[in-house]
């Protein structure tokens, strides 16, 4: 699900805050669609990927490492996050959407993982060449994917390397 196509809801420049309309779309339509995919495909992981345009952020120091756990625990609002680069801003956007999805009863029992693609992936799944500078609204988006949890017996094995 690519939320840049969900009724034209995009993030403001440099922001991870959801507009009331964007939030309503997530709670009313998108969560129900995701719940259907979870059932239809027998999946239990929701990945929320935050994207940005290529505008650099103003040089404020990041507090992401200090506050991200508190934001994910609903102890602080997403507005408390101050990213210093596009990777951090993409993650903050993913966290904002993750908070909404985790609170939806239709999605109970699933794991919602926030991820950042920063400015690296353009709409249409094309890697950016870094030459699309400026404010590009369609790049300030969220993508949602669903998948099945991997078997921990396979993924948690120690490496065979010496």
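Couple of notes before you dig in:
- Residue within region 112-122 that is free of Cβ contacts under 8 Å to residues at least 24 places away in the same chain, in contact with a strand residue (DSSP E or B) (Cβ under 6 Å, 6 or more places away or on another chain) and not in a loop (DSSP other than H, G, I, E, B) present: no
- Residue, surrounded by the fewest Cβ atoms within 10 Å (Cβ to Cβ), within region 1-21, restricted to residues that are assigned to a helix (DSSP H, G or I) and modelled with pLDDT of 85 or more: 20
The values are calculated or read from the model by the stated rules, or taken from the named source; none is laboratory data. These numbers come from a predicted model, not from an experiment. FYI the Cβ positions are ideal-geometry reconstructions off the backbone, even for glycines, and counts take in every protein chain you see.
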